[in-house]
1. Can you tell me which residue among N213, N221 is among the polar types (S, T, N, Q), in the same structural domain as G108 (by TED's automatic domain parsing) and in contact with a Pro (Cβ under 9 Å, 6 or more places away or on another chain)?
2. Report, ordered by the first and then the second residue, all pairs with beta carbons closer than 8 Å, sequence separation of six or more or different chains, a first member in region 51-64 that is without any contact (Cβ under 8 Å) to a residue 12 or more places away in the chain, and a second member that is surrounded by 10 or more Cβ atoms within 10 Å (Cβ to Cβ).
3. Would you confirm whether any residue within region 157-180 is farther than 24 Å from V106 by Cβ and outside any helix (DSSP H, G or I)?
4. Checking the conditions here, which among K155, K103, K107 is basic (K, R), in contact with a Ser or Thr (Cβ under 6 Å, 6 or more places away or on another chain) and either in the same structural domain as G215 (by TED's automatic domain parsing) or without any contact (Cβ under 8 Å) to a residue 40 or more places away in the chain (or both)?
5. What about I203, is it outside any strand (DSSP E or B), over 18 Å from N116 (Cβ atoms) and assigned by TED's automatic domain parsing to the domain that holds T230?
6. Could you check Q251 against (1) at pLDDT 95 or above; (2) outside any helix (DSSP H, G or I) and say which number it fails?
7. Could you please give the count of residues in region 206-254 that are more than 25 Å from S88 (Cβ to Cβ), out of contact with any Gly (no Cβ under 8 Å at 6 or more places or on another chain) and of a type in the set (A, V, I, L, M, F, W, C)?
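The values are calculated or read from the model by the stated rules, or taken from the named source; none is laboratory data. Please read all numbers here as calculations on a predicted model, not as lab measurements. Reconstructed Cβ throughout: ideal geometry from the backbone, glycine too, with neighbour counts over all protein chains shown.
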Amino acid sequence: MKQKFLNSLIILTAATIWLSSCSSKGNTEAAPIEVTKTEEADIVGLSEDQFKTVDIQYGVVEEKKLSSVIKATGVLDVPPQQLLTVSSPYGGTLKNTDLLQGKPVVKGEVIAVLENPEFIQLQQDYLDYKSQLIYLKEELERQQELAKENVNAKKTLQKASSEYNSMTARVQGLKAKLGLININPEKINPENISGRANIYAPISGYVTKVLVNIGKFVNANQELFEIVDTRHLHAELIIFEKDVPKLKIGQKIRFY
């Protein structure tokens, strides 16, 4: 009986030691592992109030095109009134110009000088006709006074009036011709007659074409220079019909 009790005690003690060993081993394996969390720079935390303030909403995951590029071809252009071709209504030899492509010019500045003997003849004729006009005007006034006293014939008065009107038309015509070559008729006198005429810039802008050189003879209305006012420069692009719905006012454009 005593021997049986002793055996039972030994078994119970061994079981207790075994359970204690298993419990110790189990506690060692189940011990929590410390994890160090690393905060990334591109992660932002929001509280529930902030989440509601910015009105963030969840959506279904789907494929979307976040950005796109529309490629197009085109040209740089300006309105017709901002692109001018410079020419002269009279031909002549180019005596002076310092224009180069890309050079800026200001409206009214001298950009070239033409020389032509015909310019001399125009000024001579103007001075001659102007002198005759003064005489014809005085003659007409004299005939009008005589007509009031019935001294002269009506035919004589009509002739004086006709000659005066004809000469007036010639003088005005020469004024217009001189204006075309930028010669002021009011400043012409026998001492300053010249065979040269200035060409002035019709607009402010940049020179895009130079088609003549000093010493070259140019014909009437021949293209000499081209000037562009770049303040109204714009790009004209050709867009495919399928891309038109993608265009909106205010979109940025990169061109080269």
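1. Numbers: N213 fails: in contact with a Pro (Cβ under 9 Å, 6 or more places away or on another chain).
Of N213, N221, the one residue that is among the polar types (S, T, N, Q), in the same structural domain as G108 (by TED's automatic domain parsing) and in contact with a Pro (Cβ under 9 Å, 6 or more places away or on another chain) is N221.
2. Qualifying pairs under 8 Å: V54/L46; I56/L46.
3. No, every residue in region 157-180 fails to be farther than 24 Å from V106 by Cβ and outside any helix (DSSP H, G or I).
4. The conditions single out K107.
5. Working: outside any strand (DSSP E or B): yes; over 18 Å from N116 (Cβ atoms): yes; assigned by TED's automatic domain parsing to the domain that holds T230: yes.
Against the criterion (outside any strand (DSSP E or B), over 18 Å from N116 (Cβ atoms) and assigned by TED's automatic domain parsing to the domain that holds T230), I203 qualifies.
6. The number of the failed condition is (1).
7. 7
The rows are residues; the columns are (1) surrounded by 13 or more Cβ atoms within 10 Å (Cβ to Cβ); (2) within 23 Å of D98 (Cβ to Cβ); (3) in the same structural domain as V86 (by TED's automatic domain parsing); (4) touching a Cys at 6+ places or on another chain (Cβ under 6 Å).
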position: D125; (1), (2), (3), (4): yes, no, no, no
position: D128; (1), (2), (3), (4): yes, no, no, no
position: K148; (1), (2), (3), (4): no, no, no, no
position: N182; (1), (2), (3), (4): yes, yes, no, no
